[in-house]
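Taking it in order: structure first as structure tokens, then the write-up.
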Amino acid sequence: MAYNIVPLTELVSQFERLPGIGKKTAFRLAFSILEQPPERAQKFAEALINAREKIHFCKSCQALTDGELCQICSDEARDRSIICVVEDPKDVMAFERTREYKGLYHVLHGAISPLDNIGPDQLRIKELMARLSDSAVEEIIMATNPTVEGEATASYISRLVKPLGIKVTRLAYGVPVGGDLEYADEFTLARAIEGRNEI
């Protein structure tokens with residue numbers, strides 16, 4: 001009979017479901033939780049449930065927030081004439097670390113990928129277009145990832161936005177092709193914003 005402690009096996013199994021976590025790392029994390037004082041493990045569990053219950057999408061930009069609007073959308077000092085369009089909420093955090101960009105964001109929650117059955121209707125493109133219809137936006141920066149899917153998404157949105165008379169730019173390629181924005185360093189992202197080009 002194999003040695004099996006059901007609650008530990010279940011905990012390891014839940015950690016393994018996280019991206020980038022293999023069996024060995026899942027075991028290390030599970031044992032780390034078990035080695036914590038009970039009150040610390042309780043706080044970890046509460047933080048997990050709290051985050052899952054309270055964090056949702058900003059009604060304007062679709063980034064993560066625990067309020068009706070995220071901190072960026074509700075900040076009156078931000079430049080409302082420019083919107084940086086990204087694929088993922090993590091990309092917003094990456095740009096904010098540069099401290100260079102002062103405009104607003106829009107999160108698509110993915111990129112057009114016919115092979116994965118992701119079309120424009122599965123992304124937050126309608127919400128972006130609604131923002132453009134009643135605002136003073138002068139420029140959209142397409143900051144989708146420099147992948148085939150990211151390029152297709154940027155081209156698609158560009159074709160929708162240009163008839164509105166809004167300038168559409170693309171990040172300069174300081175960002176490596178095939179890479180994800182969340183892994184780019186602050187300097188690379190800052191240079192990419194500065195050297196953006198009109199599509």
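Just so you know, all these numbers are worked out from the coordinates, no wet-lab data involved. Please read these numbers as outputs of a predicted model, since none were measured by experiment. Cβ sites come from the backbone with ideal geometry, for glycine too, and all protein chains shown count toward neighbours.
Shape verdict for region 127-166, please, from the Cα gyration tensor: rounded (a/c under 1.5), prolate (a/b greater than b/c) or oblate. Write down the numbers at each step before the final one.
On the way: a/c = 2.33, a/b = 2.16, b/c = 1.08.
In terms of gyration-tensor shape, prolate.
Calculated mean residue ellipticity, 222 nm, the chain: -13000 deg cm²/dmol, from DSSP H runs (n ≥ 4) at -39500 (n - 2.57) each, averaged per residue and rounded to 500. Scalar couplings 3J(HN,Hα) for region 73-84, obtained by applying the Karplus form with A = 6.51, B = -1.76, C = 1.60 to θ = phi - 60°, are 5, 8, 7, 5, 7, 6, 6, 8, 8, 9, 10, 9 Hz; x denotes Gly and Pro. Measuring between their Cα centroids, region 135-150 and region 31-76 lie 27 Å from each other.
The phi torsions of region 95-103, fed into the Karplus equation with coefficients 6.51, -1.76 and 1.60 and a -60° offset, translate into couplings of 5, 5, 5, 6, 6, 9, 8, 10, x Hz, rounded to whole numbers, with Gly and Pro shown as x.
In degrees between 0 and 90, to the nearest 10, how far off the longest principal axis of the chain does helix 6-16 point, with axes built from Cα atoms? That helix lies at roughly 20 degrees to the long axis. Between amide H atoms placed 1.01 Å from N, distances below 5 Å from residue 147 occur with 178, all of them 5 or more places distant or on a separate chain.
Rounded to the nearest Hz, the phi-derived 3J(HN,Hα) couplings of region 120-135 under the Karplus curve 6.51 cos²θ - 1.76 cosθ + 1.60 (θ = phi - 60°) are x, 5, 7, 9, 8, 7, 4, 5, 5, 4, 5, 5, 6, 6, 10, 9, where x marks glycine and proline. In the chain, the longest principal axis of the Cα atoms and the axis of helix 148-161 are about 40 degrees apart.
Amide H contacts under 5 Å for residue 64: 58, restricted to partners 5 or more places along the chain or on a different chain, H placed in the peptide plane at 1.01 Å from N. For the options 111, 143, 47, a Gaussian network treatment of the chain with springs between C-alpha atoms closer than 10 Å singles out 47 as fluctuating the most.
Once the mean 1/r over all distinct Cα pairs of region 93-150 is inverted, what Kirkwood radius in angstroms do you read off? Walk me through the numbers before you get to the answer.
Details: mean 1/r = 0.0762 Å⁻¹.
Final number for the Kirkwood radius of region 93-150 is 13.1 Å.
Counting only DSSP beta bridges with both residues in the chain, the antiparallel share comes to about 30 percent.
Net charge in the neighbourhood of residue 61 (other residues with Cβ under 10 Å of its Cβ; Lys, Arg +1, Asp, Glu -1) is +2.
As a ratio to 2.2 N^0.38 Å, the alpha-carbon radius of gyration for region 13-159 is 1.27. For region 109-195, the gyration tensor built on C-alpha atoms gives an oblate shape. Its axis ratio a/c (a ≥ b ≥ c) is at least 1.5, and a/b is not larger than b/c.
For the chain, the longest principal axis of the Cα atoms and the long axis of helix 38-54 meet at an angle of about 30 degrees. A cut-off of 5 Å between modelled amide H atoms, ignoring neighbours fewer than 5 places along the same chain, links residue 168 with 140, 199.
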